[in-house]
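Here, each number is a calculation from the coordinates, and none is a lab measurement. Just so it is clear, the structure is predicted and the values come from calculations on it, not from any experiment. As a convention, Cβ positions derive from the backbone with ideal geometry for all residues, glycine included, and neighbour counts pool all protein chains shown.
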Amino acid sequence: MFIQTEDTPNPAALKFLPGKAVLESGVADFTSRDAAQRSPLARLLFEIDGVAGVFLGSDFVTVTKTGDKSWQVLKPMVLGAVMDHYTSGAAIMESGEAAAEDEEFSDEGADGEIIAQIKELIDTRVRPAVAQDGGDIIYKGFKNGTVYLNLRGSCAGCPSSTATLKMGIENMLKHYVPEVLQVEAMA
């Protein structure tokens, strides 16, 4: 098994590509050892000192490190853990696939066609690009001209995430959906 790695725009996150499916559908974002209990792979990665987060996508695993550890030290340990997991034959997730995305807040009063257009643009134009960087973006809601999004994986805490939101996503949404006035990150 040959596992490739890719840098992400976030220097604290590295994307690992095992060359095999990771999740059949959805994504899974683990920000702590306790949160990783339903994923044997994530649990194994959290056993490595210096791992702060694990994000599972369709064909990649993004690992976020703590600030005091270097990738030079962590990368071989993460590669070994991913290799060990795949050779063991253990499931990626114990209780089914990834959980459903977090609930959106109420879009009450917003035009359903506008929301559908925003979601389609995010799903077709933004999510694929963000996934290439080892992350994901989740639509949370639209209210009073503001689109609320949640950044996950390498995108969460990335130094360039504000620029991505404002100069990239916000400008694109404003261009296609004039009712959009701004985009805000939301936890």
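Here are the numbers for the structure shown:
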{"quantity": "Neighbour net charge for Ala36 - beta-carbon separation under 12 angstrom, K R +1, D E -1", "calculated": "-1"}
{"quantity": "The range 64-79 versus the range 144-175: alpha-carbon centroid distance in Å", "calculated": "27"}
{"quantity": "Excluding exposed DSSP-loop chymotrypsin sites (Phe, Trp or Tyr not before Pro) (at most 14 other C-beta within 10 Å), longest clean stretch of the chain", "calculated": "3-104"}
{"quantity": "Degrees between helix 71-88 axis and first principal axis of the chain (Cα, 0 to 90, nearest 10)", "calculated": "80"}
{"quantity": "Ranking of Arg152, Arg33 by count of other Cβ atoms within 10 Å, fewest first", "calculated": "Arg33, Arg152"}
{"quantity": "Shape of the range 4-88, Cα gyration tensor, a/c cut at 1.5", "calculated": "rounded"}
{"quantity": "Residue exposure sequence - Lys140, Lys166 - by fewest surrounding Cβ within 10 Å", "calculated": "Lys166, Lys140"}
{"quantity": "The range 125-187: GluC sites (Glu not before Pro) in DSSP loop, at most 13 other beta carbons within 10 Å", "calculated": "none"}
{"quantity": "log10 of Debye I(q)/I(0), alpha-carbon scatterers only, for the chain at 0.08, 0.11 Å⁻¹", "calculated": "-0.27, -0.50"}
{"quantity": "All lysines inside 27 Å of Lys143 as judged from Cα atoms, apart from same-chain residues fewer than 8 positions distant", "calculated": "Lys119, Lys166, Lys174"}
{"quantity": "Value of relative contact order over the chain, rounded to a whole percent, pairs C-alpha under 8 Å and six or more apart", "calculated": "23"}
{"quantity": "Summed residue charge, Cβ within 15 Å of Thr162's Cβ, Lys/Arg positive, Asp/Glu negative", "calculated": "-2"}
{"quantity": "Cβ charges +1 (Lys, Arg) and -1 (Asp, Glu), total dipole of the chain, debye", "calculated": "640"}
{"quantity": "Estimated 222 nm signal from helices in the chain, with DSSP H stretches of n ≥ 4 weighted -39500 (n - 2.57), rounded to 500", "calculated": "-7000 deg cm²/dmol"}
{"quantity": "Charge context of Lys15, other residues only, Cβ under 11 angstrom, K/R +1, D/E -1", "calculated": "-4"}
{"quantity": "Thr87, Thr66, Thr164 arranged by Cβ crowding within 10 Å, fewest neighbours leading", "calculated": "Thr87, Thr66, Thr164"}
{"quantity": "Amide proton proximity set for Gly53, modelled H, under 5 Å, gap of 5+", "calculated": "Thr64"}
{"quantity": "Degrees separating the helix 112-121 axis from the principal Cα axis of the chain, which is the longest one", "calculated": "40"}
{"quantity": "For the chain, built as a Gaussian network whose Cα springs stay under 10 Å, the top-fluctuating residue of Ala81, Ala116, Ala13", "calculated": "Ala116"}
